[in-house]
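Read through the structure below, which is laid out as structure tokens, and then see the notes.
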Amino acid sequence: MGNTPLDEGFGLPGSGSGPISGSVSTDTGTIIARSEGAAPGVAVIDSDSRRPDASGTESTKGNGKAMAAMGFSQAVDNSEGGLINTFFPLIGAAFGVGEGMLGILSSISKFARMLFGPFWAMMADRFGRKKILILVTGVWGIWTIASGFAPSFTWLLILYTISVVGTVASEPIINGLLPDLFRQSQRGKAYGTIRAIGGAVGIFIGPAIGLFARGDDPSPDAWRYAMWTMGGISILSGILIALWVRDPRQNTAREDMMAEAGRFKVSDGVKLFKIPTVSLMAGMVVMVTSLVLLAFYPNFLAVERGLSIFEVTLAMSCFSVGAVFSAFLGGRLADLFVRKFGEKGRIILMQIYLVSFAATVAFATQLPYEGFATAAPITFLLGLVFSIGFSGCVLPMVSNVAPTQLNATAFAMLFSLIQGGITALMSLGLGFVAEALSSQTMFLFFVVVPYLLNAVYWFLFYRVYPKDVARQEERTAQVAAGTF
């Protein structure tokens, strides 16, 4: 697999995409537009101070509240998905359905991630990322509230499907927004901090809502109370986004006439796969099956380890505590590995993480035990390893090799479209696998084994990733110098 030439497909002079002409000065920099009749592609931003390191003049101070709001948003979105998984024993009892239906419920959010992640990224680029975040994180919470009123399992499927259509939007939008707020040298820490905030909030949300199911004989309507409460928290999240988050790339009508920077296009998404690292990432995410683990693990604790619903929420809170440390640890470990081993440091850390997580999942799901006292520390350990790879390695690596205008597109294509689709298909069938065999067997063959295979697959990155980083740094330097 060879590296894509620097000027291929990204609009450098001499790339065959047509000459560049025309410019307009804005409050944040100068935008250079293609001449009429030029081939489609991403227009070029020259000296755009909206992105740290593009011109080197933008300060990243004052983004603490924005990170808190975005972390809270991710916590709410993650908790909404976990809510169904945790309360499924009560939902199953209420409507008379088995564990196979848990797979269907879980797959709905994954299919929504695949189909609507890129759509919301497009809407965010078109109408403003902050506006769309407010809509899907805040206003959309009314659908979660409506799900709590479902009179039958069919209606629950319908209303829950609508609610998760909005839930899946925040991750690709926030991941694309962070590079505009933080310099390249700070992005590993920024991604890690966002995930840590999300995990920290999740520590309190889960047990708080779990109080509705406290006791050996909880109310059969406890899951409804949980849905109503989560919908209200989601609306609160939208309010925090409105108050604390700024979007440095709010296009005006005049700018839109001159440039198409930052717009989501299918053609741009396909063009990204000319970057070898992005192509390898597409293969890598197929073997990242941790989302399958999270979908079935709460029910596994209740059915096969004998925990009550409230104890499950406490155990998953222990997972969130571990994930907080994991997210901070991942970002800082990655920065340390990069300082010691150069750009290959993230690859080394990722391989260590993949093997460690496979071993941890095997320990958590294959050893025989019962009761909360054992489940809590084991689940904490699972969370402690969980986020290291993505926070410190995967997310910064994608950001470091993709053209700055296409960060949101890259995240949507890789993690919403590809990973979301694969995980949705797996979740759809794995509920029935777990019902026919056991969750224990399912975890072994569909989580542990793929992670070990992925550790071997990552040897391919050593050849291409450092070169792709150098090419993107060259592109960024040319943008700053006005020669791109």
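Structure summary
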read-out: Odd one out for ARG332, checked against (1) under 26 Å from LYS189 (Cα atoms); (2) outside any helix (DSSP H, G or I); value: (2)
read-out: Close pairs from region 320-340: first small (Gly, Ala, Ser), partner not in a helix (DSSP H, G or I), Cβ under 7 Å, at least 6 apart; value: ALA323/SER387; SER326/SER387; ALA327/SER387; GLY330/SER387
read-out: Subset of region 363-407 that is open to solvent by 30 Å² or more (accessible area, probe 1.4 Å) and touching a Leu at 6+ places or on another chain (Cβ under 7 Å) - its residue that is farthest from VAL285 (Cα to Cα); value: PHE372
read-out: Hey, PHE411 farther than 19 Å from THR360 by Cβ, surrounded by 18 or more Cβ atoms within 10 Å (Cβ to Cβ), touching a helix residue (DSSP H, G or I) at 6+ places or on another chain (Cβ under 7 Å) and not basic (Lys, Arg) or not; value: yes
read-out: Test for ALA315: is it of a type outside the set (D, E, K, R), free of Cβ contacts under 8 Å to residues at least 12 places away in the same chain, more than 23 Å from GLY176 (Cβ to Cβ) and in a helix (DSSP H, G or I); value: no
read-out: Matching residues in region 197-227 - criterion: being under 25 Å from the mean Cα position of the chain (by Cα) and either small (Gly, Ala, Ser) or surrounded by fewer than 16 Cβ atoms within 10 Å (Cβ to Cβ) (or both); value: GLY198, GLY199, ALA200, GLY202, PHE204, GLY206, ALA208, GLY210, ALA226
read-out: Residue match in region 105-128 (condition: within 21 Å of THR313 (Cα to Cα), touching a residue at least 24 places away in the same chain (Cβ under 8 Å) and not polar (S, T, N, Q)); value: yes
read-out: Among the residues listed as LEU349, LEU381, the single one being under 28 Å from VAL278 (Cα atoms) and in a helix (DSSP H, G or I); value: LEU349
read-out: Criterion: among the hydrophobic types (A, V, I, L, M, F, W, C) and touching a Phe, Trp or Tyr at 6+ places or on another chain (Cβ under 6 Å) - qualifying residue of ALA323, ALA364; value: ALA323
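The values are calculated or read from the model by the stated rules, or taken from the named source; none is laboratory data. Source: prediction; values computed, not measured. Here the Cβ is made from the backbone with ideal geometry for all residues, glycine too, and neighbour counts use every protein chain on show. Note: accessible area is taken over every heavy atom of the protein model, side chains too, but ligands, DNA and RNA are not part of it. Shrake-Rupley method; radii C 1.70, N 1.55, O 1.52, S 1.80 Å.
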